[in-house]
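Visitor: One structure, as structure tokens, below. Some questions next.
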Amino acid sequence: MEYRKITIGGKIYSLRVAKGMTQEQLAAILCVSPAAVSKWERNLANPNIEMLWSLADYFECSIDELVGREEKCLEKVGIYDSKKAQLIEVAEELLECSEISRREGLLALDGYMKAYKGESKFLPFAIRFFLQAFMKRIDFELTFQLLNNYVETLPNEERKEGCMIAQVLKRIASGENPQMLQEVIASYVGIGYWEKLEDANRRVRGKKNREEIIGKYREKKLFSEKTDLLERFETVGDFEIQVILRNLDDETLTAALCGASGKIVAGFLMNLSDILLYFVSEDIDNWKGTEEDILKAQRRVLAIGGCFLPE
């Protein structure tokens, strides 16, 4: 059983570890064999509905939460929002594409996209499609009409990003000035976020570098003795941390790190891009929550990344 890439086995594992229990101890409480618990946690078998009720009652959570379907209940604070942050990162890439095009010509974008490591799937596709159409001398308006058709096939949550890419790319191809491109991008990203982007750029590229931002957390103490659930991630590598981050929502990341020690916070922050590092840092500084909020968030991190921890 899996929901949004988080398996029920990971949930059971994280809840058990959070209580400091062995598989044998949990099995004894539920009157099942340790082998059954082991199979649940490795997703080789699923507990039946009666056992789900018992697990939910014991861990004091709902069945929906146990299978990963809980609604977000942490209050959203700060400025960071994953969808907006994605738009901002794509906006940055589009502005860079504009500069490259003006300096070196449109065909130089092909080389730039080959080194692209961002999250957007549509951006490299759109640029590749446009360049191929350009080389084949396909009518300019027809090219972008077809590109807009591709935008319509995107999932709803990606369509706004796709529209922005198509609109800005068309203007880059037309040689429009950077100031006008910024206005077009701002209409998609939003004024508030555009201002934050400019502020972030000033800080990250100017007065504050990555190490200065991360450094202020290196001596951070645990929120409490109980909020140490992430301390074992100290031995986990960057690749594994990045996998966890890709499957983690922003509220959970903020709350979980607010309870962790400095070495853990630094390890996670080092794997964020410059802009996201700035946004998440602000969220941590502005976060106001409880110990229970932190523990719930840290359990969710364990559910996602528990498989990377040593036995």
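Visitor: Evaluate the stretch 127-138: report whether one residue or more is at pLDDT 90 or above, touching a helix residue (DSSP H, G or I) at 6+ places or on another chain (Cβ under 6 Å) and within 27 Å of Tyr278 (Cβ to Cβ).
Guide: Looking through the stretch 127-138, at least one residue is at pLDDT 90 or above, touching a helix residue (DSSP H, G or I) at 6+ places or on another chain (Cβ under 6 Å) and within 27 Å of Tyr278 (Cβ to Cβ).
Visitor: Would you confirm whether or not the stretch 277-289 contains a residue that is under 26 Å from Arg16 (Cα atoms) and surrounded by fewer than 23 Cβ atoms within 10 Å (Cβ to Cβ)?
Guide: yes
Visitor: Exactly one condition in (1) modelled with pLDDT of 75 or more; (2) of a type outside the set (Gly, Ala, Ser); (3) touching a helix residue (DSSP H, G or I) at 6+ places or on another chain (Cβ under 8 Å) is not met by Val17; state its number.
Guide: (1)
Visitor: If a residue has to be hydrophobic (A, V, I, L, M, F, W, C), touching a Phe, Trp or Tyr at 6+ places or on another chain (Cβ under 8 Å) and assigned to a helix (DSSP H, G or I) to count, how many in the stretch 81-121 make the cut?
Guide: Count: 6.
Visitor: With Leu245, Leu253, Leu257 as the choices, which residue is assigned to a helix (DSSP H, G or I), at pLDDT 95 or above and either assigned by TED's automatic domain parsing to the domain that holds Arg300 or closer than 16 Å to Leu272 by Cα (or both)?
Guide: Leu257
Visitor: Residue under question is Ile127, and the condition is that it be among the β-branched types (Val, Ile, Thr) and either within 27 Å of the chain's Cα centre (by Cα) or within 24 Å of Gln182 (Cβ to Cβ) (or both); does it hold?
Guide: yes
Visitor: Under 6 Å between Cβ atoms, which residue pairs at least 6 apart in sequence (or on different chains) link something in the stretch 117-135 that is under 20 Å from Glu89 (Cα atoms) with a partner that is among the small types (Gly, Ala, Ser)?
Guide: Sorted first by the residue in the stretch 117-135, then by its partner, the pairs are Phe122/Gly162.
Residue-by-condition table, conditions (1) under 30 Å from Glu93 (Cα atoms); (2) of a type outside the set (A, V, I, L, M, F, W, C); (3) at pLDDT below 90:
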residue	(1), (2), (3)
Phe233	no, no, no
Ser261	no, yes, no
Leu272	yes, no, yes
Leu276	yes, no, yes
Ile294	no, no, no
Arg299	no, yes, no
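Visitor: From the set of residues in the stretch 52-107 that are within 30 Å of Leu30 (Cα to Cα) and in contact with a Leu (Cβ under 7 Å, 6 or more places away or on another chain), which is modelled with the lowest pLDDT?
Guide: Taking the candidates together, the pick is Leu66.
The values are calculated or read from the model by the stated rules, or taken from the named source; none is laboratory data. Everything numeric in this text was worked out from a predicted model, so none of it was measured. Cβ coordinates were reconstructed from backbone atoms using ideal geometry, including for glycine residues, and neighbour counts include every protein chain displayed.
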